[in-house]
Amino acid sequence: VAAQNCRKRKLNAILNLEEDVCNLQTQKEGLKKEYSQCSRSISQMKQKLNNLYHDIFSKLRDDQGRPVNPCQYVIHCSSDGSVFIIPKHLVKLEQKQENEKEQKQK
């Protein structure tokens, strides 16, 4: 009787584990679909942002009325909603200084 009970417990444990595996496989498939949808959404947003970026730069002019070169400037949005056009070399300088500060803090 003890051996029979042991076999029954073992069989129940195996059945529970098989059910867990099926549930995890279903969950994995759901997560794969969600990941794929998120990736597509991100790609679409990146494309929209890129289009907006090019549209903005196509309309910008400097003090002499010449088009602003998007290779030399970046659009910067501050936390208060202000939008600035900043030369890229200043942004790179600022990022370098921030990285140095972070490394010193570590």
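The values are calculated or read from the model by the stated rules, or taken from the named source; none is laboratory data. Note that this is a predicted model, so its numbers are computed, not measured. Neighbour counts are summed over all protein chains in view; Cβ atoms, including those assigned to glycine, are modelled from backbone coordinates with ideal geometry. Only protein heavy atoms, including side chains, enter the accessible area calculation; ligands, DNA and RNA are left aside. Shrake-Rupley method; radii C 1.70, N 1.55, O 1.52, S 1.80 Å.
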Given (1) 97, 38, 24; (2) 42, 31, 19; (3) 52, 26, 23 as possible values of Cα extents along the principal axes in Å, the one from the coordinates is (1)
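Could you give the size of the charge dipole of the stretch 60-106 about its Cα centre, using +1 on the Cβ of each K and R and -1 on the Cβ of each D and E, expressed in debye and rounded to the nearest 20? Can you show the working numbers first?
On the way: 8 positive and 7 negative charges, 41 e Å.
My answer is approximately 200 debye.
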For helix 2-59, report the angle its Cα long axis makes with the longest principal axis of the Cα atoms of the chain; keep it between 0 and 90° and round to the nearest 10°.
10 degrees
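Over the chain, what is the relative contact order in percent, taking alpha-carbon pairs closer than 8 angstrom and at least six residues apart? Let's see the in-between values first.
Working: 36 pairs, mean separation 11.1, N = 106.
About 10 percent, as a whole number.
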Taking only Cα atoms and a 10 Å spring cutoff, compute GNM fluctuations for the chain and point out the largest among L52, L31, L17.
L17
Just to confirm the number: angle between the C-alpha axis of helix 88-105 and the first principal axis of the chain, 0 to 90 degrees, nearest 10?
50 degrees
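Using 1/(1 + (r/R0)^6) with R0 = 25 angstrom and r between the beta carbons of V91 and S43, what's the FRET efficiency to the nearest 0.05? Provide the component values of the computation, followed by the final result.
Details: r = 24 Å, r/R0 = 0.98.
Once the sixth-power term is evaluated, E becomes 0.55.
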Amide H contacts under 5 Å for Y73, placed H, 5+ residues apart:
K88
Find the centroid of the Cα atoms in the stretch 1-36 and in the stretch 43-61, then give the distance between the two in whole Å.
50 Å
When the charge dipole of the chain is computed with +1 at the Cβ of Lys and Arg and -1 at the Cβ of Asp and Glu, the Cα pointing farthest to the positive end, of Y73, L11, I42, is that of L11
Listed by chain and number, the residues whose amide H is under 5 Å from that of L60, excluding neighbours fewer than 5 places away on the same chain and using placed H, are V68
Test of understanding: in a Gaussian network model of the chain with alpha carbons linked when under 10 Å, which of Q64, Q44, Q25 would top the mean-square fluctuation ranking?
Q64
Using a Gaussian network model of the chain with C-alpha springs under 10 Å, which one of L15, L60, L93 is most mobile by mean-square fluctuation?
L15
Probe of 1.4 angstrom, ligands and nucleic acids ignored: what's the accessible area per residue over the stretch 1-60, in square angstrom?
94 Å²
